[in-house]
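Presented below is the structure to which this report refers.
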């Protein structure tokens with residue numbers, strides 16, 4: 001399978017949320033002189049928002065030190081007292097102190113004020129700070145299980161396994177230091193030079209930029225790290241050694 005194209009390339013997939021700009025529709029952090037800001041996206045299920053927040057907290061913790069004040073931009077989410085209390089407890093585990101809530105929903109503003117947070121209730125028509133393109137590599141040490149999706153605008157490095165039913169979507173490269181058995185989409189913002197690397201490659205589906213392919217019927221080479229790359233609009237697979245020789 002060295003340097004060989006993956007069987008049955010299927011061309012460009014239909015548009016999905018994963019193939020849009022990944023900075024849109026995701027939980028993200030930004031910082032300024034007032035501290036750290038947490039933005040919750042619209043148009044997602046709350047379970048997806050919560051899961052994305054946990055991933056972000058786990059991977060971003062090294063980027064702040066000590067107790068850091070946090071402003072929550074909840075947009076049009078209607079958050080009640082228990083939800084705000086649970087969110088505050090979660091972020092406090094990562095040394096973030098919820099101090100202020102920015103919302104367009106009156107009931108959320110009332111709940112936040114009741115809990116003693118500073119509140120700014122704005123009109124939905126007021127400008128919201130633009131979403132930054134966060135291309136900082138995302139490092140994860142975990143197992144991505146079935147039903148879990150990891151989305152990031154930069155590269156994703158996973159120390160662990162990607163199980164069937166799990167998904168990683170990245171604007172850059174995807175490295176799985178374990179068994180890759182789920183769905184991966186590297187270069188999701190159109191980067192045709194993006195790579196996929198895994199210690200054991202047995203994916204459900206492979207995507208790079210706009211190209212998608214099924215895994216080869218012959219299966220992966222045992223105990224052989226492999227690289228997936230795009231060449232002449234065809235997804236190819238090579239052992240790391242053969243890929244490096246190709247790059248020389």
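Since every read-out is calculated from the coordinates, none of them should be taken as a lab result. For clarity, every value in this text was computed on a predicted model and none was experimentally measured. In this analysis, Cβ positions are derived from the backbone assuming ideal geometry, glycine residues included, and neighbour counts consider all displayed protein chains.
Filter region 142-153 down to the residues that are assigned to a loop (DSSP other than H, G, I, E, B) and buried (at least 17 other Cβ atoms within 10 Å of the Cβ) and list them by number.
Just the residues of region 142-153 that are assigned to a loop (DSSP other than H, G, I, E, B), to begin with: 142-143, 145-148, 153.
Hits for region 142-153 are 148, 153.
Could you please let me know if residue 59 is closer than 25 Å to residue 141 by Cβ and in a strand (DSSP E or B)?
no
Within region 184-225, work out how many residues are in contact (Cβ under 8 Å) with a residue 40 or more places away in the chain, over 16 Å from residue 155 (Cα atoms) and part of a strand (DSSP E or B).
3
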